[in-house]
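Have a look at the structure below before the remarks.
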Amino acid sequence: MDKFVCLEGLVAPLDRANVDTDAIIPKQFLKSIKRSGFGPNLFDEWRYMDVGQPGQDCTNRPRNPNFVLNQPRYQGAQILLTRKNFGCGSSREHAPWALLDYGFRVILAESFADIFFNNCFKNGILPIVLPANEIDALFAEVQALPGYRLKVDLSAQQVLTPSGKALPFEVDAFRKECLLNGWDDIGLTLRHADKIRAFEEKRRAEQPWLFA
Amino acid sequence: MPQNLYEKLWQSHVVHEEADGTALIYIDRHLIHEVTSPQAFEGLKLSGRKPWRVSSIVATADHNTPTNNWDRGIEDPVSRLQVETLDANIREVGSLAYFPFKDPRQGVVHVVGPEHGATLPGMTVVCGDSHTSTHGAFACLSLGIGTSEVEHVLATQCLVQKKSKTMLIRVEGRLGKGVTAKDVVLAIIGRIGTAGGTGYAVEFGGSAIRSLSMEGRMTVCNMAIEAGARMGFVAVDDVTIDYLQGRAFSPKADYWDKAVAYWRTLHSDEGARFDHVIELRAEDIRPQVTWGTSPEMVVSIDDLVPDPAKQSDPVKREGMERALQYMGLNPNTPIKGVKVDKVFIGSCTNSRIEDLRVAAHVVKGRHIAANVKQALVVPGSGLVKRQAEAEGLDKIFLAAGFEWREPGCSMCLAMNADRLEPGERCASTSNRNFEGRQGAGGRTHLVSPAMAAAAAIAGHFADVRDLL
Ligand code: SF4
């Protein structure tokens, strides 16, 4: 997993609540057995005027000019600003893979769906929860100022606006360490292999029917 | 100190805990299907790791598999590759049980696990699928996980978790005629919203929940995730224990009594505390129909499609307007008269034998309306299908103009050939009505099997209570 320490990047506003994983990456793309290549199909149904198929070259597909990510001013955005309950729906990790492959490393929202939130951390994406009034203010600023950028500092746990305002955010200590160091969770867990084995033996003795 | 059920389940699975509360939780059962596992097996291989305990694995192919013309195999080459990748992965690592495409026991993973007794009370159950919450009906700590976590569980038999807050949703009273588990859970989501359960482990309790069969409880827990909850569960009682007796992987004679004695402790103690409690009256719940593009956009069958003009919150208003536009509905029209093009009875929410019985009871001796282009019944598993055929339900559906299909996820998410065309409206017993869920541009209304059957007969949403 790529480390995440600090990022200064262009912000794209997706002004919708309850953006679900079917919208982030429609199901026909879940047939892939790979982890990469989902970026061109991120928000496929909103981004293009036709119905996308897996494996298709997307360069010449008709684009929806009204969809925010198709607007020239948001090209190259790395920070997605959105509303509450982002990522609701399925557990598909294809959703964070698509966001990452497109270039997003940070998502700012009022709230996230649990599984999606968790999946982000496993892929080096930082999901940040900010209070509703701060999200509202950011939407107003992004829309008003073309080229609007934010600086996200994970070690200091704050988002810095161009006017110098610092918005603090919470992040779980363990997840923060993993992101800052780019650690692989499996390796971390296996440091406790002896404990897992001991637990398993005890469980086998107490509830043998679970190990049939 | 009295403990709630979640605390008991949590405590009995903690392998290791960090100072900040991040814990390693031991996983008893790992359910696997073709869509979210290939990258996990690949990751495992690339890092040179071995699976920790393959006897925890129960796998099946369900999302991509066709539901008719099985003799032709899987025609879509991309889907076929995914299913074959699962075959190869399971062949290589092994499992407790594998039900591949065409196996007589194949089916939707959340239907298959419980019917074989592979889901037992007190277990931790994970699957790379959000509707893993279904298994909570057995007082399991059941979690939908992403592919990285699938790999993590394969490699370590553990999951990294933090303790959730707890919520009790209590439904007291008696459910009216024609009101089913699906209506209960839709009413709950309508009440608390799709983010109402975020961060919570939800226990469903109260006399109305206890009155449900295991299948009804699975329907309720299945949709806990649609309320944003991390998981949902119901305490063990006689209904649970009776259901498990004699299933393939249930404890055998020598262990049965010991297991039952333990299972009987799996309930919240008298006086246990919850971070949040919500109460509903069963008598207030009427048959439900969703009108929008989120499960919380739901009304009772005798209500009107809501009017965004009456909504004061601007973000919500805009969401409602967008949903109505997508759904092709006008505010203030009675939901009852809205015509449907297709009907889908299936999915891990409502494709078990009792669901099919209820639907068959409604359609028996009747025929689907002329405007209904297609009405599908997709049993949740091969076992459900054969049980239904033994009871003659297939004949009832076929005589009424329904198609009787092979098991799988089918039109719940339309990864196979079963789908809606743009603009088509469907009465569906599945769990998600998101834009495009059942096919690009398709319009999904979530209902119970009884209500789906009623809509098929009437050609529009209808109150099933009038047909009973
Ligand atoms: S039936 Fe639908 S919700 Fe259930 S596992 Fe299959 S696709 Fe997912």
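The order of the peptides B:12-25, B:176-189, A:132-145 by mean Cβ neighbours within 10 Å, most packed first, is B:176-189, B:12-25, A:132-145.
Judged by the gyration tensor of its Cα atoms, with axes a ≥ b ≥ c, the stretch B:23-156 is oblate; a/c meets the 1.5 cut and b/c is at least as large as a/b.
Summary value for chain B: 17 percent relative contact order, contacts being C-alpha pairs under 8 angstrom separated by 6+ residues.
Among the protein heavy atoms, those of residue B:84 account for about 100 Å² of accessible surface (1.4 Å probe, every chain in place).
The label-point distance for residue A:8 and residue B:264, in a model that sets each label 7 Å from Cα toward Cβ, rounds to 6.8 nm. Is the shape of the stretch A:6-181 rounded, prolate or oblate, going by the alpha carbon gyration tensor and its root eigenvalues a ≥ b ≥ c, with a/c under 1.5 for rounded and a/b larger than b/c for prolate? In terms of gyration-tensor shape, oblate. For residue B:344, the residues 5 or more places off, or on other chains, whose built amide H falls under 5 Å of its own are B:376, B:427, B:428, B:429. Using a 10 Å cut-off on Cβ to Cβ distances, tally the other chain neighbours for every residue of A:190-203 and report the average as a whole number. The per-residue average across the peptide is 4. Packing, taken as the mean count of other beta carbons within 10 Å per residue, orders the peptides B:455-462, B:424-431 from highest to lowest as B:424-431, B:455-462. At an R0 of 41 angstrom, the distance between the Cβ atoms of residue B:279 and residue A:183 translates into a FRET efficiency of 0.40.
A rounded overall shape is assigned to the protein assembly as shown, the ratio a/c of its alpha-carbon gyration tensor axes (a ≥ b ≥ c) being less than 1.5.
Check each of the trypsin sites (Lys or Arg not before Pro) in the stretch A:108-212 and keep only those in coil by DSSP with at most 14 other C-beta atoms within 10 angstrom; list them in order.
A:165, A:191
If the cut-off is 18 Å between C-alpha atoms, which lysines fall inside it for residue A:84, apart from same-chain ones fewer than 8 positions away? List returned: B:316. Ignoring lysines fewer than eight residues from residue A:202 along the same chain, the ones with Cα atoms less than 24 angstrom from its Cα are B:8, B:50, B:162, B:163, B:252, B:258. Taken per residue, the accessible surface of the protein assembly as shown reaches 35 Å², heavy atoms only and a 1.4 Å probe.
For chain A, the 222 nm mean residue ellipticity estimated from helices alone, with every DSSP H stretch of n ≥ 4 adding -39500 (n - 2.57) and the total spread over all residues, rounds to -8500 deg cm²/dmol. For the protein assembly as shown, DSSP calls about 30 percent of its internal beta bridges antiparallel. Across peptide A:22-29, the mean count of Cβ atoms from other chains lying within 10 Å of each residue's own Cβ comes to 6. Extension gain for residue A:57 to residue A:137 (0.36 nm times residue separation, less C-alpha to C-alpha distance): 25.0 nm.
Note on residue A:173/residue B:165: beta-carbon distance plugged into 1/(1 + (r/R0)^6) with R0 of 22 Å gives a FRET efficiency of 0.75. Taking the protein heavy atoms of the stretch A:6-181 in the context of the full set of protein chains, the accessible area attributed to carbon and sulfur is 51 percent at 1.4 Å. Listed by chain and number, the aspartates and glutamates placed with their C-alpha closer than 18 angstrom to that of residue B:310 are B:296, B:318, B:321; residues fewer than eight positions away on the same chain are left out.
Per residue of B:63-71, other chain Cβ atoms within 10 Å of the residue Cβ number 1 on average. Summed over both chains, the contact between A and B buries some 5600 Å² of accessible surface at a probe radius of 1.4 Å. Packing, taken as the mean count of other beta carbons within 10 Å per residue, orders the peptides A:87-97, B:211-221 from highest to lowest as A:87-97, B:211-221. The sum of -39500 (n - 2.57) across all DSSP H runs of n ≥ 4, divided by the residue count of chain B, sets its helix-only mean residue ellipticity at 222 nm to -9000 deg cm²/dmol.
Share of carbon and sulfur in the accessible area of chain B stands at 50%, probe radius 1.4 Å. Once C-alpha pairs closer than 8 Å and six or more residues apart are averaged by separation and normalised to the residue number of chain A, the relative contact order reads 25 percent.
The values are calculated or read from the model by the stated rules, or taken from the named source; none is laboratory data. Note that the structure is predicted; figures quoted are calculated from it, not measured. A quick note on method: Cβ atoms are made from the backbone with ideal geometry, for glycine too, and the neighbour counts reach across all protein chains shown. With ligands, DNA and RNA removed, areas are computed over all heavy atoms of the protein, side chains included. Shrake-Rupley method; radii C 1.70, N 1.55, O 1.52, S 1.80 Å.
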